[in-house]
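The numbers here are math on the coordinates, done by the rules we state, and not lab data. Treat the numbers as computed from the prediction; the structure is a model and nothing was measured. No Cβ is skipped: glycine too gets one built from the backbone with ideal geometry, and neighbour counts run over all protein chains shown.
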Amino acid sequence: MAPNSSNSARDLSSAAESDPRSSENGAAAPRRVVFPFVWVALLVALYLAFERSEATSDIKTLAKLASIVLSVVGVAFWYTVRGRAPWVVRAAVGMAPFIAAFSLLSMYQVQLRGDGTIAGLHRRGTPLPDQLLAAVSVQSTEAGLSDWSPGTYDYPRFLGNGPWAEAVGPALAADWKERPADLVWRQPIGAGWSSFAVQGRYAVTQEQRGSQELVVCYDSLTGEPVWSHADDLRYEPEAGQGEMGQVGPRATPTIVGQRVYTQGAAGLVNCLDGRTGQRLWSLDTASHFGADVAVWGKSGSPLHVPAAGAIPELVIINVGAPEKQENPTYDASLVALEAGSGTEVWRSGTKQTSYASPQLVMLHGESVVLHLCDDLLMAHAVADGTVLFTYPWPGMSDNMPSCSQPISVGNNRLLLSKGYGHGASLIEVQRDADAWTAKPLWSPAVLPVLQTKYSNLVVRDGYAYGLNGDHLQCVEIESGKRVWRKRRKPSFGFGQILLTRQHLLIMSEAGEVIVADASPDQYREIAAFAALSADDVCWNNPVLIGDLLLVRNSVEAAAYRLPLATEEEESAMSEPTGKDVAAAGVSAESGA
């Protein structure tokens, strides 16, 4: 037995020496851990590549989130499969990230900024800020506002008076050091992303307070509410994806003479008496026409079209489609109502609508209604809604949606812009008798510039200015060439932009107002001040009436007096303004 025992010992010793899992003292050697480090390193490299690219901040946030999630999931999966702990421990560790994420989302509603980063957390089951607000307190307006009448610098609808957001008042000062902005009033306001529509001294907006969706008229000089109209409804976005839009109305009122037209977040259209707030007529468009409300609510502001010949005065509403998608048997994507009664005049279109508003433009001497749908720009005849032409513009109401207005820039040309990594396109509309077509003018047709997500472009002297993600861009319209871009700290974020004579007024996502030159030469910042609390995101458009700036977000509103240009500064400013250029373009189109 001795020789056999000796041979067996030598065999075991040789096996131990050749086994890489054995150490010199006979203990098991630690397993080489390679995969987790390589996996995480690759994902970090991917994120850094996006971070150093010219991608917009929301795309960079998506890359960061994907890197983090894939890192955690990959390492957890590797440990579950390859770890040396008992299987119960490995399974628990592998499931821990998913359990933690589910628990967090079950307990808290995540409030996001436009780039996807977290702006705040709200404990589910507890009241939202709008649910803690008292009802709007107003004095009796049964007799009506005696001074409800047009003013010099009215801003009567979404984006004001023209194709882009532009204040028609006096020029702002070139030097704000000695004369900064002066706070006039500040007060809480209900939830929503509506802007102000202004006639005379009165500013009308939409907001959510608890179970009521409101249209409220404020005295712009004092901030006091003068009348309020309430509808007992609360649009609750779908859990998960829909919650990113939060609660409250999104559209902006349209003021026409003594009437105020509104569309709520769930598609309820109201026509109110601007002097009293009393309802003249209303129509629940979603139920009446059988359309589903898009995942982030209805944000299309009513479009007013004056009467012309046999065509009555119209209010045009983008209604959408059932089941949040195209339905060939459906025909009420866009609807024209008689402005005085709400009676249907025509309906047209099968597509689900986008989050932009219908817009009236002049093309080849004819008034045309532009309607941006899920994946198409559609042009309709004002008289009967006939589709004149379409142009592909990718997007879906629940995935990479379109929010920015198409802009008429003269000579039968339209400028389109879109975020989510898409870009901008300049198209020319051609007409041969009754045949309308649209073709791209840039090459390639879509350029990676002016990637507006929630905001819109402004135009001055042949250049377009817009927020490309979180930085400001100036682009030559004719060529699509980017002239300059500016990223600043604090960031512009996914805010809004307004043109005022020779200046850009940017409302940042964090509630900061930035004033800069509207010049293709370079970005030159003139002034900046915190207008609203940075605790809430600001996606609402600012409004400038003369020297009075009205701003709001989903929790507060404020008014500021801005310094105006002196006579010396005024005389030094070159003309024409962007509005003059647009007017010239429209005049040329009218004669085409």
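Comparing Val136, Ile514, Ile255 along the charge dipole axis of the chain, the residue lying farthest to the positive side is Ile514, per the Cβ-charge model. Counting only Cβ charges, +1 for Lys and Arg and -1 for Asp and Glu, the dipole size of segment 354-483 around its Cα centre is about 360 debye.
I need the shape label for segment 340-419. Rule: rounded when a/c is under 1.5, else prolate if a/b > b/c, else oblate, with a, b, c from the alpha carbon gyration tensor. Before the final figure, lay out the partial values.
Details: a/c = 1.91, a/b = 1.17, b/c = 1.64.
It is oblate, given that a/c is not under 1.5 and a/b is not larger than b/c.
Cα extents for the chain along the principal axes, largest to smallest and rounded to whole angstrom: 119, 61, 51. Remark: spin-label model distance Thr329-Ser443 equals 4.7 nm, labels positioned 7 Å along the Cα→Cβ axis.
In debye, nearest 20: dipole of the chain around its Cα centre with unit charges on the Cβ of K, R (+) and D, E (-)? Before the final figure, lay out the partial values.
On the way: 46 positive and 62 negative charges, 464 e Å.
The calculated dipole for the chain is roughly 2220 debye.
Classify segment 376-419: rounded, prolate or oblate, from the alpha-carbon gyration tensor (a ≥ b ≥ c, eigenvalue square roots; a/c under 1.5 rounded; otherwise prolate if a/b is larger than b/c)? Oblate shape, in that a/c is at least 1.5 and b/c is the bigger or equal ratio.
If you model segment 443-487 as an ellipsoid using its alpha carbon gyration tensor, with each semi-axis the square root of five times an eigenvalue, the axes come out at 15, 12, 10 Å, biggest first.
Arg347 sits among other residues whose Cβ lies under 14 Å from its own Cβ, and their net charge, with Lys and Arg +1 and Asp and Glu -1, is -3.
Charge tally around Asn541: other residues with Cβ under 12 Å, Lys/Arg +1 each, Asp/Glu -1 each, net +2.
Restricting segment 131-206 to GluC sites (Glu not before Pro) that sit in a DSSP loop and have at most 16 other Cβ atoms within 10 Å of their own Cβ leaves Glu142, Glu178.
Peptides 328-336, 515-523 ranked from most to least packed by the mean count of surrounding Cβ atoms within 10 Å: 328-336, 515-523.
Each part reduced to its alpha carbon centroid, segment 507-533 and segment 217-289 end up 30 Å apart.
In the structure shown, the pairs Lys453/Lys489; Lys64/Lys418; Lys177/Lys486; Lys351/Lys486; Lys351/Lys439; Lys60/Lys418 are assessed against 27 Å; a Cα-Cα span above that value is assigned to Lys351/Lys486. Can you tell me, using C-alpha contacts under 8 Å and at least 6 residues apart, the relative contact order of the chain as a whole percent? That works out to 12 percent. Segment 78-107 and segment 166-213 have Cα centres separated by 50 Å. Full extension of the segment from Glu51 to Ala435, taken as 0.36 nm per residue of separation minus the current Cα-Cα distance, would add 133.6 nm.
Taking Cβ atoms as reference points and 15 Å as the exclusive limit, the residues near Trp484 contribute a net charge of +2, counting Lys and Arg as +1 and Asp and Glu as -1.
The length gained on full extension between Met95 and Leu70, counted as 0.36 nm times the residue separation minus their Cα-Cα distance, comes to 7.6 nm.
At q = 0.11, 0.17, 0.18, 0.22 Å⁻¹, what is the log10 ratio I(q)/I(0) for segment 435-570, with the Debye formula run over Cα points and no solvent? Per q value, in the given order, log10 I(q)/I(0) is -0.42, -0.91, -1.00, -1.35.
May I ask for the angle, rounded to the nearest 10°, between helix 578-590 and the longest principal axis of the chain, with both axes built from Cα atoms and the value confined to 0 to 90°? Once rounded, one gets 70 degrees.
Per the Debye calculation on segment 54-93 with a single equal scatterer at every Cα and no solvent contribution, log₁₀ I(q)/I(0) for q = 0.22, 0.35 Å⁻¹ amounts to -0.66, -1.03. In the chain, a dipole from Cβ-located charges (positive for Lys and Arg, negative for Asp and Glu) runs towards its positive end, and of Val110, Trp281, Trp185 it is Val110 whose Cα lies farthest in that direction.
With q set to 0.17, 0.18, 0.19 Å⁻¹, the log10 of I(q)/I(0) for segment 59-188, from the Debye formula over equal scatterers at the Cα positions, is -1.17, -1.20, -1.22. From helices alone, the chain scores -6000 deg cm²/dmol at 222 nm; the rule is -39500 (n - 2.57) for each run of n ≥ 4 DSSP H residues, then divide by the residue total. Projecting the Cα atoms of Gly169, Gln405, Ser149 onto the dipole axis of the chain, where Lys and Arg carry +1 and Asp and Glu carry -1 at the beta carbon, places Gln405 farthest toward the positive end. Extending 7 Å from the Cα toward the beta-carbon at both Glu569 and Leu105 defines two label points whose distance is 5.0 nm.
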